[in-house]
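Colleague: Next up is a structure, given as structure tokens.
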Amino acid sequence: MSLLRLFSRPALSVSSRATMSAPRSALQVVRHQSTESSYTNILVSNPRPGVGLITLNRPKALNALSSELFVELNKALKDYEDDKEIGAIVLTGSDKAFAAGADIKEMAPLTFSEAYVNNFIAPWSYITTLRKPVIAAVSGHALGGGCELAMMCDILYCTKTANFGQPEIKLGTIPGAGGSQRLTAALGKSKAMELILTGNNLSGEEAEKHGLAAKAFEGGNKEVLEGALDTAAKIASYSRVAVIAAKEVVNKSQDLGVREGVEYERRIFHSLFGSQDQKIGMKAFAEKKKPTWSHL
Ligand code: CAA
């Protein structure tokens, strides 16, 4: 099957099929409990109110990122992005691997023309266009495209023993999904250059120390996932309007200089006085009550 056809083939999860056909009461039964999925490379579930969980699930290939996996991942991400009940998304793998990179066996025979004309890897960036926050929960290997996918997420949590790296140099190539840019932004030029030119790895503990990860957890995937789900549930409990605006202004800091960024932030801050949730939040504070968000 050509890469182009793979990118356009839809796959439905149980929860997305339920969203289209089931009455609301039946939907509520499906939500907030793990659901089986009809995907073959990922699992989707709603383990906490407001939280969508996607688990990369190609254990025999250490979650190597095939084109087919990305069709499914992007479909699941879009479903969560469109789902009004979901306020935050968590992306995880297994104890052994978040993802061991792009699928080398799929990539090996590609020609330049196929890669260029089909814009190979471009669909991977879909996750960066989401307005809802995505948290990566990384355990085990996050190599090459796996490291790049984790870095595309808004918050990166990992285990202390997680294994980050951009080993493409050992395959006679270079990072192709933003690794040279995002790793450099996170670690600084010298450290990123060292990792990319040597193919050396970085532990989760070091990733936290250097600011690549927000937090490194003791234990395995269970522990880091629990931490990510707690944070996602907390984010999902806030006003969606404020959360989307907060994500937008932080991301602007990557593109704008400080002065323009501060002005941009102020404009978005001003615009939030037009939201119902700003009134609800500040009134609740003054009345010493818990706000009930309208998400409007
Ligand atoms: N692509 C395809 N298959 C992969 C894979 C990958 N990236 N990584 C692992 N696998 C497969 C192995 O081929 C093996 O399959 P078989 O059992 O059929 O032989 C299976 O997963 C288990 O792997 P290992 O036996 O190698 O497991 P290990 O524990 O001995 O080693 C590892 C683990 C160090 C992660 C090793 O698998 C490895 O080095 N993987 C490749 C890592 C890599 O180079 N990633 C970068 C890819 S290029 C890229 O991502 C480009 C980009 O920027 C987008």
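Colleague: For the range 240-286, what is the charge dipole size about the Cα centre, in debye to the nearest 20, if Lys and Arg each add +1 at the Cβ and Asp and Glu each add -1 at the Cβ?
Modeller: Once rounded to the nearest 20, the dipole reads 200 debye.
Colleague: OK, next. Rounded to the nearest 5, what % of the DSSP beta bridges within the range 133-242 are antiparallel ones?
Modeller: 25 percent
Colleague: Oh, and also: Rounded to the nearest 20 debye, what is the charge dipole size of the range 142-210 about its Cα centre when +1 sits on each Lys and Arg Cβ and -1 on each Asp and Glu Cβ?
Modeller: The dipole of the range 142-210 has a size of about 120 debye.
Colleague: Ala122 to Leu296: FRET efficiency via 1/(1 + (r/R0)^6), r the Cβ-Cβ distance, R0 22 Å, to the nearest 0.05?
Modeller: Using R0 = 22 Å, I get an efficiency of 0.05.
Colleague: Further question on the same structure: Determine the gain in length on full extension of the stretch Gln278-Thr184; use 0.36 nm per residue of separation and subtract their C-alpha separation, reporting nm with one decimal.
Modeller: That works out to 30.2 nm of additional length.
Colleague: Tell me which of Ile89, His210, Thr173 sits at the most positive position along the dipole axis of the range 3-236, charges placed on C-beta atoms (Lys, Arg +1; Asp, Glu -1).
Modeller: So the residue we want is Ile89.
Colleague: Could you give the dipole magnitude of the chain about its Cα centre, charging the beta-carbon of Lys and Arg +1 and that of Asp and Glu -1, in debye to the nearest 20?
Modeller: Using Cβ point charges on Lys, Arg, Asp and Glu, the chain gives about 780 debye.
Colleague: Give the residue from Leu53, Ala136, Met282 lying farthest towards the positive end of the charge dipole for the chain; charges sit on Cβ (+1 for Lys and Arg, -1 for Asp and Glu) and the dipole is referred to the Cα centre.
Modeller: Result: Met282, furthest along the dipole toward the positive end.
Colleague: Take the Cβ-Cβ distance between Phe112 and Leu197 as r, set R0 to 25 Å, and report the resulting FRET efficiency rounded to the nearest 0.05.
Modeller: It comes to 0.60.
Colleague: Near Lys279, which aspartates and glutamates are there with a Cα under 15 Å away, not counting those fewer than 8 places off in the same chain?
Modeller: Glu287
Colleague: Rounded to the nearest whole Å², what accessible area per residue is found for the chain with the 1.4 Å probe?
Modeller: Result: 52 Å² of accessible area for each residue.
Colleague: Compute the distance in nm between two label points, each set 7 Å from the Cα along the Cα-to-Cβ direction, one at Arg266 and one at Ile104.
Modeller: That separation, rounded to one decimal, is 5.3 nm.
Colleague: A further question on this structure: Quick one: with all protein chains in place, what share of the accessible area of the range 182-296 is carbon or sulfur, to the nearest percent (1.4 Å probe)?
Modeller: Of all accessible area on the range 182-296, carbon and sulfur atoms account for 58 percent.
Colleague: Hey, what number do you get for the chain at 222 nm if only DSSP H runs of n ≥ 4 count, each worth -39500 (n - 2.57), divided across all residues, to the nearest 500?
Modeller: -13500 deg cm²/dmol
Colleague: Further question: Can you figure out the FRET efficiency of Gln254 with Glu218, using R₀ = 45 Å and their beta-carbon distance, to the nearest 0.05?
Modeller: E(calc), rounded to 0.05, equals 0.90.
Colleague: Right, next: Tally up the carbon and sulfur contribution to the accessible surface of the range 117-171 as a whole percent, 1.4 Å probe, everything protein left in place.
Modeller: C and S atoms contribute 55 percent here.
The values are calculated or read from the model by the stated rules, or taken from the named source; none is laboratory data. None of the values given here were measured: they were computed from a predicted structure. Cβ coordinates were reconstructed from backbone atoms using ideal geometry, including for glycine residues, and neighbour counts include every protein chain displayed. Just so you know, the surface numbers come from the protein's heavy atoms only, side chains and all, with ligands and any DNA or RNA stripped out. Shrake-Rupley method; radii C 1.70, N 1.55, O 1.52, S 1.80 Å.
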